[in-house]
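Asks: Before I ask anything, let me first share the structure, which is written out below as structure tokens.
The values are calculated or read from the model by the stated rules, or taken from the named source; none is laboratory data. Quantities reported herein were computed from a predicted structural model and do not represent experimental measurements. As a convention, Cβ positions derive from the backbone with ideal geometry for all residues, glycine included, and neighbour counts pool all protein chains shown. Surface areas here come from the heavy atoms of the whole protein model, side chains and all, with no ligands, DNA or RNA. Shrake-Rupley method; radii C 1.70, N 1.55, O 1.52, S 1.80 Å.
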Amino acid sequence: MKTIEYLLTIDLNYVVLVLIAVFFTLEQVLNTQFYFKNRLGHLGQAILFQVVFFILNLFWAAIFVFCVNWLNQNQIGLFYQIAIPLWFKLILGVACIDLMVYWFHRMSHTFPLVWKFHRVHHSDTTMDSSTYLRAHPFEVIFWFGSASLLAVVIFGLDLQTVGLYFLIVTLFQVAEHANLRYPAWLDRTFGLVFTTPNQHKIHHDQDQQYTDSNYADIFILWDRIFGTYQYKPVAEVKLGLKEFEDPKKQTFWYLIRNPFFRQ
Ligand SMILES: [Zn+2]
Ligand SMILES: [Zn+2]
């Protein structure tokens, strides 16, 4: 428990920086999955997304912490009704947020307005760990932020659980987008319960049958249970979306404005 408490004191922004630095280096020296023309340019565009997110999140995080503290003080949520050990409450709490995010992610592929924002993340025609950063800040904050908050309201989670969730999901997501060759046996073992990088890359396939599958960030179990699990060899995956293939549509400036275009 002490280790978890210590881990949760680390600023998540540093965790993201260190993870991207480590995976970016690995992708530079190891045998990679996808071909890249301009890696540094791609990284630069992704960092711009993170800068906007960082600024907006300063406000959002303050509101979020205030809401969670208020809910906890008033003992709102299911977990306040049952007595369970702390360690189990943590694991269950992380799973509950992941489940809520699964449904919000699934809805973002269904509702046209949300898809306009979410497809910014899917637009990447090449992929490396920095693709993790490439998401519309409005979507990350307002849509997925609401998913976490709703999980807190329903299940009665505390900031420790939410912090642990964000730590784990960041680790998963950076690894899931990394341009590295992950063995297929990982999908047959670890991938029975947890989301593997190959499974998430299938989610980034252009073929809509696969785009609309493997929504889970941590527990692929949700896709298996709710019938959205799909698999194919990662070598057959064609990344991105047809409407974003033009290199001009791959820049931060184009993508950040794109959801507001009249189409
Ligand atoms: Zn998606
Ligand atoms: Zn992704």
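Asks: Could you tell me how many of the residues in region 152-183 are within 13 Å of LEU90 (Cα to Cα) and not polar (S, T, N, Q)?
Replies: So the count comes out to 13.
Asks: I'd like the residue in region 197-253 that is more than 16 Å from ligand 1 (Cβ to nearest atom) and β-branched (Val, Ile, Thr) and, out of all such residues, is nearest to PRO183 (Cα to Cα).
Replies: Ranking the candidates gives VAL234 first.
Asks: Could you please tell me which pairs satisfy a Cβ distance under 7 Å, a separation of 6+ or placement on different chains, a first residue in region 131-148 that is farther than 28 Å from LEU40 by Cα and open to solvent by 10 Å² or more (accessible area, probe 1.4 Å), and a second residue that is among the small types (Gly, Ala, Ser) and within 12 Å of ligand 1 (Cβ to nearest atom)?
Replies: Listed pairs, sorted by first residue: TRP143/SER108.
Asks: Would you confirm, using the coordinates I've provided, whether THR126 is at pLDDT 95 or above and assigned to a loop (DSSP other than H, G, I, E, B)? Walk me through how you get there before you give the answer.
Replies: Details: at pLDDT 95 or above: no; assigned to a loop (DSSP other than H, G, I, E, B): yes.
Answer is no for this residue.
Asks: Condition first: more than 28 Å from VAL15 (Cα to Cα), open to solvent by 50 Å² or more (accessible area, probe 1.4 Å) and more than 16 Å from ligand 2 (Cβ to nearest atom). Can you find one or more residues in region 204-216 that meet it?
Replies: Checked region 204-216: at least one residue is more than 28 Å from VAL15 (Cα to Cα), open to solvent by 50 Å² or more (accessible area, probe 1.4 Å) and more than 16 Å from ligand 2 (Cβ to nearest atom).
Asks: Pick from ASN31, ASN38: which is free of Cβ contacts under 8 Å to residues at least 12 places away in the same chain, over 18 Å from TYR165 (Cα atoms), exposed (fewer than 13 other Cβ atoms within 10 Å of the Cβ) and polar (S, T, N, Q)?
Replies: Working: ASN31 fails: free of Cβ contacts under 8 Å to residues at least 12 places away in the same chain.
None of the other options fit; the residue is ASN38.
Asks: Are any residues in region 120-130 within 12 Å of ligand 1 (Cβ to nearest atom) and open to solvent by 10 Å² or more (accessible area, probe 1.4 Å), and if so, which ones?
Replies: The answer is HIS121, and nothing else.
Asks: Something else: Quick one: which residue in VAL101, VAL94 is open to solvent by less than 50 Å² (accessible area, probe 1.4 Å) and away from ligand 2 (no atom under 16 Å from the Cβ)?
Replies: Result: VAL94 is the single residue among VAL101, VAL94 that is open to solvent by less than 50 Å² (accessible area, probe 1.4 Å) and away from ligand 2 (no atom under 16 Å from the Cβ).
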